[in-house]
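Asker: Next up is a structure, given as structure tokens.
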Amino acid sequence: MNWGIKILIAYLAFVAGIAVLVIKSSQQNIDLVTTDYYAKELKYQERIDAISRTKALLTSVQYKAVEGKLHLVFPAAFSGKTISGTIVLYCPSDKRKDVESGFVTDSSRAAISLPAAGGAYDLQVSWQDSDVAYYFEEKVFL
């Protein structure tokens, strides 16, 4: 083989490699965290205030996965009070695996069904007690 054929083979291999990379990258699914991120950013100060109120409590939200459900126990300060809110299991890698459920309870306990596919999730719990908002977030592996 002469130099011209070797250079042609190297060039064709390079072009084929770039073509494979372009095809693979165009098939990659890219999800935004949320579609209305700007509106949520404007309300973020409310979340910061809710987080600081949650941190001021004597105990934190306790959670445990048992028999296909994630059970939550709220701090003792909410015992006997009616609280309402939402529980979100947010999967950063695939929005189709996200689970969201609302709740209303007066026993300071709530539960949500676990997704079929396990993995890394962000547990996001927001609740209200007489118009005072609280927010708890923690990374969990289910």
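Asker: Which one, Ile51, Val125, Phe74, projects farthest toward the positive side of the charge dipole computed for the stretch 32-128 from Cβ point charges (K/R +1, D/E -1)?
Answerer: The listed residue farthest towards the positive side: Phe74.
Asker: Within the stretch 72-113, list the residues whose amide N lies under 14 Å from a label point set 7 Å along Cα→Cβ of Thr35.
Answerer: From the stretch 72-113, the list is 95-96.
Asker: Using DSSP to call loops (not H, G, I, E or B), can you name the trypsin sites (Lys or Arg not before Pro) in the stretch 78-136 whose Cβ has at most 16 other Cβ atoms within 10 angstrom? All intermediate terms of the calculation are to be shown ahead of the outcome.
Answerer: Working: sites: Lys81, Lys95, Arg96, Lys97, Arg109; in loops: Lys81.
Of the trypsin sites (Lys or Arg not before Pro), the ones in loops of the stretch 78-136 whose Cβ has at most 16 other Cβ atoms within 10 Å are Lys81.
Asker: What distance in nm separates the two pseudo spin-label positions at Lys139 and Thr86, each 7 Å out from Cα along the beta-carbon direction?
Answerer: Placing both labels 7 Å beyond Cα along the Cβ direction yields 2.3 nm.
Asker: For the stretch 3-97, what is the relative contact order in percent, using Cα pairs closer than 8 Å and at least 6 residues apart in sequence? Spell out each step's value before the answer.
Answerer: Values: 29 pairs, mean separation 16.5, N = 95.
It rounds to 17 percent for the stretch 3-97.
Asker: Name the residue farthest towards the positive end of the dipole of the chain from the options Ser60, Ala19, Gly102, assuming +1 on Cβ of Lys and Arg, -1 on Cβ of Asp and Glu, about the Cα centre.
Answerer: Ala19
Asker: Listed here are the pairs Lys55/Lys97; Lys43/Lys95; Lys43/Lys69; Lys69/Lys139; Lys55/Lys95; which of them are more than 20 Å apart at the Cα? Don't skip to the end; give the middle numbers.
Answerer: Working: Lys55/Lys97 28 Å; Lys43/Lys95 22 Å; Lys43/Lys69 31 Å; Lys69/Lys139 17 Å; Lys55/Lys95 28 Å.
Pairs exceeding the cut-off: Lys55/Lys97; Lys43/Lys95; Lys43/Lys69; Lys55/Lys95.
Asker: From the backbone phi of the stretch 72-82, what are the Karplus-calculated ³J(HN,Hα) couplings (6.51 cos²θ - 1.76 cosθ + 1.60, θ = phi - 60°) in whole Hz, Gly and Pro given as x?
Answerer: Residue by residue, the stretch 72-82 yields 10, 10, 7, x, 4, 5, 9, 5, x, 9, 8 Hz.
Asker: In addition: Taking the Cβ-Cβ separation of Ser101 and Val22 as r and a Förster radius of 41 Å, what is the calculated FRET efficiency to the nearest 0.05? Kindly include the intermediate steps, with their values, before the conclusion.
Answerer: Values: r = 41 Å, r/R0 = 1.00.
Given R0 = 41 Å and the Cβ-Cβ separation, E is 0.50.
Asker: Place a point 7 Å from Cα of Lys43 in the direction of its Cβ. Which residues in the stretch 68-108 have their backbone N less than 14 Å from it?
Answerer: Residues passing the 14 Å test: 85-87.
Asker: Right, next: Please compute the net charge surrounding Thr54, taking Lys and Arg as +1 and Asp and Glu as -1 over other residues with Cβ under 12 Å from its Cβ.
Answerer: Working: positive: Arg47, Arg53, Lys55; negative: Asp49, Asp129, Glu137, Glu138.
Surrounding charge for Thr54 is -1.
Asker: So, by mean Cβ neighbours within 10 angstrom, what's the order for 53-61, 84-92 with the highest one leading? Display every interim value, and only then the final one.
Answerer: Numbers: 53-61: 13.3, 84-92: 17.6.
Descending packing order for the listed peptides: 84-92, 53-61.
Asker: What whole number of Å gives the distance from the Cα centroid of the stretch 87-101 to the Cα centroid of the stretch 30-79?
Answerer: 13
Asker: I've got another one for you. Rounded to the nearest 10 degrees, what's the angle between the helix 3-26 long axis and the longest principal axis of the chain, both from Cα atoms, 0 to 90?
Answerer: The two axes meet at around 20 degrees.
We did not get these values from a lab; they are worked out from the coordinates using the rules stated. All values reported here derive from a predicted model rather than from experimental measurement. For neighbour counting, all protein chains shown are included, and Cβ atoms are generated from backbone atoms with ideal geometry for every residue, glycine included.
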